[in-house]
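So the structure is just underneath, and the comments pick up after that.
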Amino acid sequence: MKVFFVGDSDIANWKPLNLPLGTLTKSGWTSFQVLKAIKSREADSAVVGEGGAEEDFVVCATWGENDVSNSGDMVSVKIAANNTSEAIKQLVANHKGHLKGVLFFGPKLEPWMFSDPLNVDTDAIMSYVRLSLELKSLFQECKELGVTFVDALSMFTDNPGRSTEEIMTEVQGLRVASKIVSADSFSFRVEEAFFCTDQLHLSEDGYSLWNDIVEAFIEEKKRE
């Protein structure tokens, strides 16, 4: 079964798994640009076999962080979620019968948000929190999309079991208590070993966690 990677730089920097795969990705892509690329049927050849017939495949995707990184208001979040819904519907329409599932990784907390230990970028954190919750709600309500959502917000922290809802409550409480929030005020920290030196993109160790999830997802789909 092939894997079709779709998304922004988190996909572009992902080293290929030991699996047949295709890619539709570009650094800096927003949800709208992903939707546009899918509608134009770019890279459809990635899921076509040697004989010219389309093969069964799964999609591994992540995007949306670029939509809200500069403006995390709910308008931006809603637009990103709507584009995401339309993009996946278009994928299903383009490849009826052959798309066996979509694995979507939500936004993740990243070291750059805490780069100033005396003044953490809580606006950025809340942007990712809102996007994560909106995507999670979208995929739960629209089960016909066939998406398995991975809540990755706390995955690369020292407390990876922390829910997005818990993180939202903590950040909101800290922001009420003070306009300036230090890194020491948080009950968790981002593990920098999972990221490159740019404090933004995942390192090989970070991607290894995602690889494990993708491989388990593929095995599950093979059994269905």
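The values are calculated or read from the model by the stated rules, or taken from the named source; none is laboratory data. Note that the coordinates shown come from a computational prediction; the quantities given were computed from them, not determined experimentally. In this analysis, Cβ positions are derived from the backbone assuming ideal geometry, glycine residues included, and neighbour counts consider all displayed protein chains.
Computed quantities for the displayed model
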item	result
All positions within the stretch 185-219 that are aromatic (F, W, Y) and closer than 30 Å to L99 by Cα	Y207, W210, F217
Test set (1) within 30 Å of K26 (Cα to Cα); (2) modelled with pLDDT of 95 or more; (3) touching a strand residue (DSSP E or B) at 6+ places or on another chain (Cβ under 6 Å) - F188 fails condition number	(1)
Near pairs, Cβ below 6 angstrom, 6+ apart or cross-chain, from the stretch 12-29 (under 13 Å from K2 (Cβ atoms)) to any residue that is charged (D, E, K, R) and at pLDDT 80 or above	P20/K2
The stretch 202-218 residues that are free of Cβ contacts under 8 Å to residues at least 24 places away in the same chain and at positive phi, paired with ones that are of a type outside the set (A, V, I, L, M, F, W, C) and in a helix (DSSP H, G or I) (beta carbon under 7 Å, 6 or more apart)	none
When residues of the stretch 52-102 are limited to those that are of a type in the set (S, T, N, Q) and in contact with a Gly (Cβ under 8 Å, 6 or more places away or on another chain), the one surrounded by the fewest Cβ atoms within 10 Å (Cβ to Cβ)	N66
Lone unmet requirement of (1) surrounded by fewer than 18 Cβ atoms within 10 Å (Cβ to Cβ); (2) within 24 Å of L200 (Cα to Cα); (3) modelled with pLDDT under 95 for K179	(2)
Hey, L118 assigned to a loop (DSSP other than H, G, I, E, B) and in contact (Cβ under 8 Å) with a residue 12 or more places away in the chain or not	yes
Selected residue (criterion: farthest from S76 (Cα to Cα)) from residues of the stretch 27-44 that are in a helix (DSSP H, G or I) and β-branched (V, I, T)	I38
Some residue of the stretch 124-131 being among the polar types (S, T, N, Q) and without any contact (Cβ under 8 Å) to a residue 24 or more places away in the chain	no
Every residue from the stretch 136-153 that is within 20 Å of L109 (Cβ to Cβ) and of a type in the set (V, I, T)	V150
Odd one out for E165 among (1) in contact (Cβ under 8 Å) with a residue 40 or more places away in the chain; (2) in contact with a helix residue (DSSP H, G or I) (Cβ under 9 Å, 6 or more places away or on another chain)	(1)
Members of the stretch 181-204 that are assigned to a helix (DSSP H, G or I) and under 28 Å from N119 (Cβ atoms)	A183, D184, S185, E192, A193, F194
Residues within the stretch 56-115 that are assigned to a loop (DSSP other than H, G, I, E, B) and closer than 27 Å to A216 by Cβ, tallied	12
